[in-house]
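Enquirer: Quick one: structure below, then a few questions.
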Amino acid sequence: MATRRSIPLLKHLLSTRSQSEPFTISKRCVTYMHRPGDGTPRPVTLIPGDGIGPLVTGAVEQLMEAMHAPVYFEKFDVHGDMKAVPTEVLESIRKNKVCLKGGLVTPMGGGVSSLNVQLRKELDLYASLVNCFNLPGLPTRHDNVDIVVIRENTEGEYAGLEHEVVPGVVESLKFCSERIAKYAFEYAYLNNRKQVTAVHKANIMKLADGLFLESCREVATKYPGIKYNEIIVDNCCMQLVSKPEQFDVMVTPNLYGNLVANTAAGIAGGTGVMPGGNVGAEHAVFEQGASAGNVGNEKVAAQKTANPVALLLSSAMMLRHLQFPAFADRLENAVEKVILEGKYRTKDLGGTSTTQEVVDAVIDALD
């Protein structure tokens, strides 16, 4: 009876509402039912890194404190010119399982190995994920871009498996494993993605990239609900800059993935706003998604005008990985509000704001 009496009242309220008045319904996601003890603060290894790294990781620390997020940081001083990642840092990541890092400058040539690559190999972080998407309010050449680039992270050219055969002749080893294909399809399945595209150069690298395609094709048969296709890396770059909206999830060997991710990031709004991370069976390291060309830019660091958005969104990915979805949603929503409003933007996004001004705006925008 109560339901029947409420129907005429509801009709009356709808009919008397002004046509220009927006009708909104407060929306809350389906309740996340945690396990007892899940609210216990989690330790996260923090590596501020070089150049702008301390600025943008400092931004994350401020946001976590403002949200009272259930995480605390174990901070380590690591720099790209070190010979190796300190043992205590690796021990911390192995203990905590999760790390947030700023950029580490990689010296060019000279036989000095990249600490970024060392971290990936030591922790077997075999999958790199970069999400390149349009942010509302940020003008770009293309709309409807939402690409996830998943690249193999520990093998291929970046593994550093190279040697000089004879003076003047250097041989580099390249190989791929099927686990990156499995991860890409599993990601697509769990995130309601509809298509996986394998990027390759099997027309020339017939054995190595041919093996990569064989692995992708075999895994694809286990996911009939996901469309699978293949594209040669040359054509892929051309298609990315002309029709990026055709791509969904892209899976690639190591080197191609770095090029594809940076291209997709540039198309979707720039490396300063694209989140990403590296994951393996046991550990995860979250960082700015695409290569930060200004990691070692002393001018940007000195002027304190580095864009913190990419690492803020990466830290939201981290919160979701730690099973704190409500905190991740709050952070993402606040960042999106600031971008949409357009008042506070760093130079790379056409504004004049400092890093701290953007951080303060995001804190003010928190629900």
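Enquirer: List the residues, sorted by chain then number, that are 5 or more residues from residue 42 or on another chain and whose placed amide H is less than 5 Å from its amide H.
Expert: 71, 72
Enquirer: Counting only protein heavy atoms and a 1.4 Å probe, tell me what percentage of the range 292-367's accessible area is made up of carbon and sulfur.
Expert: 49
Enquirer: Taking H placed 1.01 Å from N in the peptide plane, check which residues at least 5 places from residue 75 or on another chain put their amide H under 5 Å from its amide H.
Expert: Those lying under 5 Å, H to H, from residue 75 are 46.
Enquirer: Just by accessible area at a 1.4 angstrom probe, what is the order of 221, 197 from largest to smallest?
Expert: Ranked list, largest accessible area first: 221, 197.
Enquirer: Using Cα positions and a limit of under 17 Å, work out the lysines in reach of residue 222, with same-chain residues fewer than 8 apart set aside.
Expert: 182, 194
Enquirer: Follow-up. Please report how far the C-alpha centroid of the range 307-354 lies from that of the range 218-249, rounded to the nearest whole angstrom.
Expert: First find each Cα centre; the distance between them is then 28 Å.
Enquirer: So if each residue of separation counts as 0.36 nm, and I subtract the Cα-Cα distance between residue 366 and residue 340, what length gain in nm does that give?
Expert: So the extension gain works out to 8.0 nm.
Enquirer: If each of residue 206 and residue 234 carries a label point 7 Å out from its Cα toward its Cβ, how far apart are those two points in nm?
Expert: Those two pseudo-labels are separated by 1.7 nm.
Enquirer: Using the Karplus curve 6.51 cos²θ - 1.76 cosθ + 1.60 with θ = phi - 60°, work out ³J(HN,Hα) for each residue of the range 248-260 in order, rounded to whole Hz, and write x for Gly and Pro.
Expert: Here the 3J(HN,Hα) series is 10, 9, 10, 10, 9, x, 4, 5, 4, x, 5, 5, 5 Hz.
Enquirer: Could you do me a favour and compute the accessible area per residue for the range 220-323, 1.4 Å probe, result in Å²?
Expert: I get 37 Å² per residue for this part.
Enquirer: Let me ask something else. Compute the length gained on full extension between residue 227 and residue 291: take 0.36 nm times their separation in residues and subtract their Cα-Cα distance, giving the result in nm to one decimal.
Expert: Here the segment from residue 227 to residue 291 would lengthen by 20.1 nm.
Enquirer: Starting from the Cα of residue 146, step 7 Å along the direction of its Cβ; do the same at residue 214; then give the gap between the two resulting points in nm.
Expert: 3.6
Enquirer: Mind listing the phi-derived Karplus ³J(HN,Hα) values for the range 40-54, rounded to whole Hz, using 6.51, -1.76 and 1.60 with θ = phi - 60°, and x for any glycine or proline?
Expert: In residue order, the calculated couplings are 5, x, 9, x, 10, 6, 10, 10, x, x, 9, x, 7, x, x Hz.
Enquirer: Out of 235, 224, 213, whose Cα points farthest toward the positive end of the dipole of the range 188-252 (charges: +1 Lys, Arg; -1 Asp, Glu; placed on Cβ)?
Expert: With unit charges placed on the Cβ atoms, the residue in question is 224.
The values are calculated or read from the model by the stated rules, or taken from the named source; none is laboratory data. All of these numbers come straight from a predicted model, not from anything done at the bench. Using ideal geometry, Cβ is built from the backbone for each residue, glycine included, and neighbour counts are taken over all protein chains shown. These area figures cover heavy atoms from the full protein model, side chains too; ligands, DNA and RNA do not enter into them. Shrake-Rupley method; radii C 1.70, N 1.55, O 1.52, S 1.80 Å.
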